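Laboratory data are not the source of any read-out in this text; all were calculated from the coordinates shown. These numbers were taken from a predicted model, which means no experiment stands behind them. Note: ideal-geometry Cβ built from the backbone for every residue, glycine included; neighbour counts use all protein chains shown.
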Amino acid sequence: MNLETPSADVVERARKGEGSAREALASRYYPAVFSFARKLTGRAETALDVAQETFLRAFSRIEQHDPSYSFASWLFKIAANYIRDLRRRTERPEPRDAEASDLRAESILERSEDLDRVRRALDSLPADLRLPLVLHLQEELPVREIAFVLDQTENAVRMKIYRGLQKIRALVREES
């Protein structure tokens, strides 16, 4: 997914409370935030709530956005934190939509004979491995941005992506 960086002017106008600038940012990023949330929560209804809450929080704290990171990364960080909060509160996994974990990870999918095996393997990963994979493979964020979203070092993110891919490969092989 290509998330172009909005001009500093649009973010600055949104920071000053200009409705049309906030609308432009929401229009540009809402689909990506919703998709990200759906992949992590597995439910469209929950993803809608997460996306709405993400933008409410973002616009109420827009002055905290660090321009050295992309606006999209900042939104993903807010969404990821909100999802973590939801999980802590509910402490039970929600049932996942069948298509919720559909990744565009061509390199994995091309090698896989069965997309369902890859989906099951991804769904079975713990959140600390699934989240970096979704950000890297689906949202196409660079490791530096993922590190920002997850409040981790770049090396930790690289290791989690590597471990997640290794686990997916092993699980797919086991099912074969």
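Results, tabulated for the structure shown:
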item: Hits in segment 33-84 (condition: among the acidic types (Asp, Glu) and more than 18 Å from Gln152 (Cα to Cα)); result: Glu45, Asp49, Glu53, Glu63
item: Tally, over segment 37-59, of residues that are touching a helix residue (DSSP H, G or I) at 6+ places or on another chain (Cβ under 6 Å) and buried (at least 17 other Cβ atoms within 10 Å of the Cβ); result: 12
item: Some residue of segment 47-69 being touching a residue at least 60 places away in the same chain (Cβ under 8 Å) and in a helix (DSSP H, G or I); result: no
item: Residues that are of a type in the set (A, V, I, L, M), within 17 Å of the chain's Cα centre (by Cα) and assigned to a helix (DSSP H, G or I), drawn from segment 113-133; result: Leu122, Ala127, Leu129, Leu131, Leu133
item: Unmet requirement for Arg28, which otherwise passes all of (1) closer than 22 Å to His136 by Cβ; (2) surrounded by 19 or more Cβ atoms within 10 Å (Cβ to Cβ); result: (2)
